[in-house]
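**Student:** Mind having a look at this structure? Questions to follow.
Only the coordinates and a few stated rules stand behind these numbers; no lab work does. Only a predicted model underlies this, so the values are computations on that prediction, with no experimental measurement involved. Ideal geometry is used to build each Cβ from the backbone, glycine not excepted, and the neighbour counts take in all protein chains shown.
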Amino acid sequence: MATNRMIAHYAHETELGAAKGILGAPQMETESYVIYDQPDDATVKRLEDAGLIVEIVEDPALAFRRGDVFDMVAKTSAPMAAGAEAGAPMEPGTLGEAIPAAPAYFMVTLSFPLSDDLRKKIEAFGIRLLRFSPPASYSARLTPGQVTDLRAMPEVAVVRPYVDLDTGTIFDSLPMVVKAAAPAATESYEILPDRREDFAEVVDFLTARGIDYELKGRVIHMTVPSGSAIPGELAQLASPPSVGPIEPLFDLRLHHSGDLPAALQWLANEGIAVVGSSPRKIRVRLDGDDGSMYERLRQHDSIADIDPYLPPHVDNDLARQSLGIDANVGGAINAVLRQNGSGEIIGVADTGIDATHPDLAGRLIIAIPRGRPGNATDPHGHGTHVSGSIVGDGSTGSGIRGIAPNARLVLQSLLDSRNRLGGLPLDLNDLFDEAYQQGVRIHNNSWGSATASEYVVNSEEVDEFVWNHPDMLIVISAGNEGTAAAPSHGLTGFVDLFSIGAPATAKNALTVGASRSSRTIGGYSQLTYGQAWAPHFPAPPIQGEHVSGNPECIAGFSSRGPCTDNRIKPDVVAPGTDILSTKSSTAPGKRFWGLDATDPAHYAYMGGTSMAAPIVAGCAALVRQYYREDRAHQPSAALLKATLVNSTRWLTGGDAIANHGKSPNYHQGFGAISMQHAIPNAAVDFQLDFIDGWQTPADVFRVSGERRRYQVTADRAGELRVCLSWTDPPARAIQNILHLTVQNLQSAKKYLGNEDRAKLLNGMDRDNNVQIVRIANVQPGERYMIMVTNTSLLQTPQPFALVVTSPSSVPMSRLP
Amino acid sequence: MFGLRVIQAEFGDCLLLEYGNAGAPRHMLIDGGPPEIYERHLRKILKRIADDGGKLDAVVLSHVDGDHITGLIDFLADIRDNGKYIDIDELWMNSFTKVEGEGLEPQMQNLAALGAGAMVKTAEALLTIGEGNALTLLAHQIERPPNEKRADPIITVDTEPAEISFDNLRVRVVGPTRANIESLREKWEAWIENHTNALVGGDIYVMANSDGSIPNLSSIMLHVKADGRTMLLTGDGRSDHLLDGLGDAGLLDAAGKLHVDLLKLPHHGSNRNATKKFFSRVTADIYVASANGKDDNPDLATLIWIVEAADKEGRAIQLFVTNETPSTLQLVEEYPPAQYGYTLELLPSGTSSQLITLAD
């Protein structure tokens, strides 16, 4: 009989003993938790009084029988028994749909966490679980016999086919998805006028000739008979636009790379054009599709997800360029930290770079032209600005320097001749790998797509690269989609949630939002949000607040979390308004927020999360230099991320704490980077201990339920800060669930990772691969246990990174 | 004195009103033309005014469109970045948001954002729609917020019911009317409904300009007079809207007609913005077309309507066109000036501007 279950997490054997004393032998026992059927409330209270952390987990089978978990199944066309209707009573494991005779993909829902024993039992049937889909389901390729095997297991609640709705995309609601293609005997073209003012010429040309066209934003789509002379004639216009075939592109993510050859063969048989493929992704072009091909793709067994591929482009008409770093921030950091980025190589994938700029000329290792043949210059100005924020060395004598002025730069120029980011490869793994081969270990990405907090294939490629290259920190700007135009998750006059871009939704990246700089002169600093971007900030209070000036506040445009899988993003914020940095000599002044009053030829103001990300990338270089030089350690990306998140200062501006005043929230993530709390320095007194599992086999999880415990003892008053971060296997939502627990060993009080987070379903955080605990006012002599555990591992081994800063002089020790 | 300095703006508009005392004339700038016009022509003209101790009483953007606004953006950015070499007393413009109704623009942008694809994450990339917002931002930066001295955030015939004085100049707003704005709003809403797909990934202005020229229709149109002489400055407005506004402003006579000394042709002389009948109701001695043949402007039909209407009434007129175009060549061939009683004057090639003086 299915019932809800209780997971009781213990930190000490005494707590385990108490649980067994009260409830007897558990249904499942691991090194960090035990599982029982849900007891009554009084018993739960007794367990909690004994120090256990109790989680009640609803049995998926119960939820399934109620019809509120897999209601999507009832909506599909998959043949089903009458009993499978939503809401109808249903015994677990007996979904009566027709089972394909051949192996196919299924969703397997478990009633228990995926323990090591359970995984071994499942693997004994020759089954490999592919990816985790919270709260309790896994995809897998199964034969009919294996379906039967699984359904016979008491730990398995439901086995059902992977259906087209699982394959669906957030963009389904947009008609553009399948409308782009032309009927047979015609050809569709995309026309991109060079300049805004050339649009009328093109449209008049098409109108005069009776050509069907559709305006799609910056581009015009037209359909002409095959072999038409129109495309050629367009090229003869006074201001010839760029003309190319329309590409209704889609990214297909496969369940398994082993399916690639068969999937490619199937696509070839179907006559679907394949643009390119990487091991688990195929980019296809659906020429001439009336929508039916798209549906067949959705129903194809080996395809796990379909995303429309949104071609990258820059907004060349509007994006005004500036570069630079907030002088105050840069000044403060350089005043207290010894590190300057020396020995670090930072990658920047951006428009291009003005390699003649005196502040950048000596910093550049290589500028790789990816968008324009042989040309990595920066007529746009964005890349030069971003680069200056990181490595600008003030060679002009201005005193304006980046955060890591001794670091060196690998610049990947993405700007193409159409003013888009056409230099991006099919698979982002290739972008990062190119930089990695050049020695880059910190990579800045101040670009993205507006995907409303959704995790897309691009996000997964970021996660995949870091999973395969654990020492590559990828920094991504959160996006500038913040708007208070019509808040649906908050109050009037405050910025709404769910606007993180992609790939910024990646789990293993460090996602950076923008806070307001303290600047009160220059750029837009004197304007209010209502003046500068009236449509987005129509109501007070933000309407009347200055773009810059109050560093306790978030930039109005900064994209807000959470991600659609409940993960906290952005991770951190850094100043991103009225940032002063290097100006590309070939970018016109009007594209910037303003030019530097003293040296307008070399410096300009700019704002955006684009400007915040490189500041954090520069900070990461300083942290990395610290680990290498002072700790003789090559840090993982997870450790750099943990160290930076551990440093944060909680912003207190009204908009920074709207909806939720405690850390972390969805406006500022874990808060604003504060380098004086990141690594030891002259200004703030603390000890930094760290665990970086990718280099120490002892700190890697291989079995579900394992724990690692450490102890730190304060010898003076101060603050204890702990941050856990791990690089999670690539897939939407956390795949390997780890937890952070800190306990005062004298008072026995426990602190759970992210226990003050904005979304709190129960005490243990199952959504985030970054978790913090902070305890102010630690007293001399107090001992703290820091424990990292895991509830469920899909892929092993799973290393983790832990940073502990404390008022201590004795190094953190390991407990058994 | 009173005159109109017509600046070489190629396919756009860039006009400078001159009035006041001939020894120390006053100035009002209307539109800045398309890209490069500011650098090539307008800047040195404004410099000279400043060097002579002058300023701009007002800068007017007729409407948000690249061939009118770009030069103003370049001008304001230049002032912002390189110093305020000339004073500007006020800036007039009707922003998209104000005209089309708050809430509409974010709605469109939300659609646009969904399909926008990867882009550089500057704040402008999504938050600023079009050059209208760019000019607004610059206006705030140089501390001349749009319409600050006007009665209402939107300049209309209704909200500016009285003449506005600058020295001897009297300015009467004759377009758009509030009713025009209301109908435009409805038009926008319908347009958005029909273009939701296109808006995904979209640049609103570009699409609107290419598809029915909706923003054009909200052009600020002015009737100006000084020293007993009059001009009509019409932006890219529509002739029926202009007649509405002239009527509301009480400038039409009992027969519904108006005669001015100078008429700046709407929309570069395009035949899509005016009708033959319009040119018999609104007449002038001098007709100015700022055009260079792009989009067939000025349209031959427009020029013929004007010439025929004047010929019929026996009025001698002057046509002033900023560039020789196929249509002007054809007009002269088909309607010989001597025979039809008009003169055609062109802005001499290689010159930046020409002053058409109505009163010394």
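**Student:** Using the number of other C-beta atoms within 10 angstrom as an exposure proxy, rank B:355, A:411, B:303 with the fewest first.
**Tutor:** Least to most surrounded, the residues fall as B:355, B:303, A:411.
**Student:** Determine the percent antiparallel among the DSSP beta bridges restricted to segment A:385-544, to the nearest 5.
**Tutor:** 10 percent
**Student:** Further question: Lys and Arg at +1, Asp and Glu at -1: add these up for the other residues within a Cβ distance under 10 Å of residue A:552 and post the number.
**Tutor:** Value of the local net charge: +1.
**Student:** Could you work out the relative contact order of segment A:746-807, using alpha carbon pairs under 8 angstrom and six or more residues apart, expressed as a whole percent?
**Tutor:** 29 percent
**Student:** A further question follows. Any idea what the relative contact order of chain A is, in percent, if you count C-alpha pairs under 8 Å spaced at least 6 apart?
**Tutor:** Reported relative contact order: 11 percent.
**Student:** Further question on the same structure: When the scattering of segment B:208-360 is computed by the Debye formula from its Cα atoms alone, each counted once and equally, what is log10 I(q)/I(0) at q = 0.11, 0.20, 0.21 Å⁻¹?
**Tutor:** Once normalised to I(0) and log-transformed, intensities are -0.41, -1.39, -1.51.
**Student:** Another question about this same structure. Which of A:694, A:650 comes first, and how do the rest follow, when ranked by fewest Cβ neighbours within 10 Å?
**Tutor:** Final ranking by Cβ density, sparse to dense: A:650, A:694.
**Student:** Another one. Can you compute the FRET efficiency between residue B:51 and residue B:330 using 1/(1 + (r/R0)^6), with r the Cβ-Cβ distance and R0 = 41 Å? Round to the nearest 0.05.
**Tutor:** 0.45
**Student:** Can you flag which of B:225/B:276; B:44/B:257; A:20/A:750; A:20/A:120; B:225/B:277 are past 32 Å Cα-Cα?
**Tutor:** With Cα atoms farther than 32 Å apart: B:44/B:257.
**Student:** Arrange the following residues from fewest to most other Cβ atoms within 10 Å of their Cβ: A:230, A:500.
**Tutor:** Ranking A:230, A:500 by Cβ neighbours within 10 Å, fewest first, gives A:230, A:500.
**Student:** Next question. Select from chain A the helices, each a whole stretch of DSSP H, whose alpha-carbon atoms run 20 Å or more along the helix axis and whose Kyte-Doolittle mean is at least 0.0; answer none if there are none.
**Tutor:** A:609-630
**Student:** Compute the relative contact order of segment A:536-695 as a whole-number percentage, counting only Cα pairs closer than 8 Å that sit 6 or more residues apart in sequence.
**Tutor:** Contact order relative to length: 26 percent.
**Student:** If you don't mind, there's one more thing I want to ask. Points 7 angstrom from Cα along the Cβ direction at residue A:660 and residue A:631: gap in nanometres?
**Tutor:** If labels sit at residue A:660 and residue A:631, their model points lie 2.8 nm apart.
**Student:** Here is a follow-up. Would you tally the net charge around residue B:90, using a Cβ to Cβ cut-off of less than 12 Å, leaving residue B:90 out, and scoring K and R as +1, D and E as -1?
**Tutor:** Computed value for this residue: -1.
**Student:** Calculate the length of the line joining the C-alpha centroid of segment A:594-654 to that of segment A:670-702, in whole Å.
**Tutor:** Each part's Cα centre sits 16 Å from the other's.
**Student:** Right, here's the next one. Segment B:278-350 to segment A:481-512: how many Å between their Cα centroids?
**Tutor:** Each part reduced to its Cα centre gives a spacing of 56 Å.
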